[in-house]
Structures are given as C-alpha cells and as structure tokens.
Amino acid sequence: MRPSAILESALYVTDLAEAETFYRDIIGLKPLGKVEGRHVFFRCGDGVLLLFNAEATKIPPAPDARLKVPPHGTAGEGHLCFAATAEEIAAWRDHLAASNIAIESNFEWPQGGHSIYIRDPSGNSIEFAEPRIWGF
C-alpha cells in the first residue's frame with residue numbers, strides 16, 4: 001500500500017492574523033476554517049494548507065474534547081511549494097513585485113523547470129515551481 005496524494009500540509013507561523021492576511025490576500029487562497037489563536041486553514045486545489053500557532057498546538061486536547069488531535073508543532077522556518085506553469089510563475093513574479101514581496105531566489109533547475117522563492121511573514125520558505133522539476 002501507499003498513499004495516493006497529500007491531503008494536507010502544515011506550516012507553523014508566529015502571527016496567525018498576519019499569516020491569514022498574507023495567504024488570503026497575497027497568495028489568494030480561500031479560508032476553510034479558523035480557531036482564533038490556534039489555526040487557520042485554507043483550500044488549495046484538491047488539498048488543504050494548515051497554518052498553526054506552534055505553541056498552541058503543543059497543548060494536548062482536553063479529556064472531553066470532541067476532536068482528540070494529538071499535540072504537534074515545530075520551531076523554525078518550514079517550506080511549501082505551490083505548483084505553477086512557466087506563465088503562472090511570470091504572473092506571480094509581477095503580482096509579488098506589485099505587493100512589495102521580495103523574490104529571494106529565481107532560477108532554472110538543471111533537470112528542467114523554473115522556481116521562484118519568497119518568504120511568508122513568519123519566515124517560511126514559499127516556492128512556486130513548475131511540476132516538471134519532479135518529472136511531472
């Protein structure tokens with residue numbers, strides 16, 4: 001057996017309100033759910049991007065909690081890559097520049113495909129890349 005797809009991916013952020021604004025207004029994702037001070041979730045294609053306050057997710061659920069999600073979290077900067085065509089990457093470059101978001105790296109992969117990297121407000125490394133960098 002093996003999984004057929006990644007259903008959700010998580011990033012840990014230092015300021016949920018700032019992260020929510022960034023991923024909603026700059027990246028354009030649609031909010032899916034939110035618990036103030038703990039998390040905000042976004043729909044992204046067939047999957048979900050989970051943004052967590054790492055400190056809040058370290059707290060175990062109450063014994064009577066309806067959802068018994070175990071504690072989790074991490075410290076430091078994470079990474080997430082959004083799939084994009086070459087044309088979409090060019091459009092992202094323009095959109096990000098217009099939004100005063102610096103592109104940290106912009107290059108062609110030796111095996112083919114283009115990527116650009118930015119940082120979200122919490123310092124997470126966010127990439128936009130052609131799927132062909134992985135042979136798709």
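Scan the stretch 70-136 for GluC sites (Glu not before Pro) in coil per DSSP, keeping those whose Cβ has at most 15 other Cβ atoms within 10 Å, and list them by number. Intermediate values should be presented prior to the final figure.
Working: sites: Glu77, Glu87, Glu88, Glu104, Glu108, Glu127; in loops: Glu77, Glu104.
Passing both the DSSP loop test and the Cβ count: Glu77, Glu104.
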Problem - Computed over the stretch 22-89: relative contact order in percent, which uses C-alpha pairs under 8 Å that are six or more apart - result: 17
Problem - Qualifying aspartates and glutamates (Cα of each under 20 Å from Cα of Lys68; at least 8 residues distant if same chain) - result: Glu8, Glu36, Glu55
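Given R₀ = 22 Å, what would the calculated FRET efficiency be for Val35 paired with Arg66, taking r from the Cβ atoms and rounding to 0.05?
On the way: r = 12 Å, r/R0 = 0.56.
With R0 = 22 Å, the Cβ-Cβ based efficiency is 0.95.
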Problem - Rg followed by Dmax, in Å, when the chain is reduced to its Cα trace - result: 16.3, 53
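Can you give the local net charge around Thr74? Use residues other than it whose beta-carbon is closer than 14 angstrom to its beta-carbon, Lys and Arg +1, Asp and Glu -1. Don't skip to the answer; put the middle values down first.
On the way: positive: Lys58; negative: Glu55, Glu77.
In short, -1.
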Practice task
From zero up to wherever the largest Cα-Cα distance of the stretch 1-60 sits, split into 5 Å bins and tell me the percent of pairs in each.
Solution key: 4, 18, 29, 23, 13, 8, 4, 1
Handout entry: Order of Leu7, Leu67 - criterion: other Cβ atoms within 10 Å of each residue's Cβ, fewest first
Key = Leu67, Leu7
Handout entry: the stretch 1-123, relative contact order in percent, only Cα pairs under 8 angstrom and at least six apart counted
Key = 22
Completion exercise
Helix 86-98: inclination vs the chain longest Cα principal axis, degrees, rounded to 10, gives 70
Fill in the blank from the handout: Rounded to the nearest 5, the percent of DSSP beta bridges in the chain running antiparallel is 65
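Every number in this text was worked out from the coordinates using simple rules, so none of it is lab data. For clarity, every value in this text was computed on a predicted model and none was experimentally measured. When we count neighbours, we look across all protein chains shown, and the Cβ atoms used for this are built from the backbone with ideal geometry, even at glycine.
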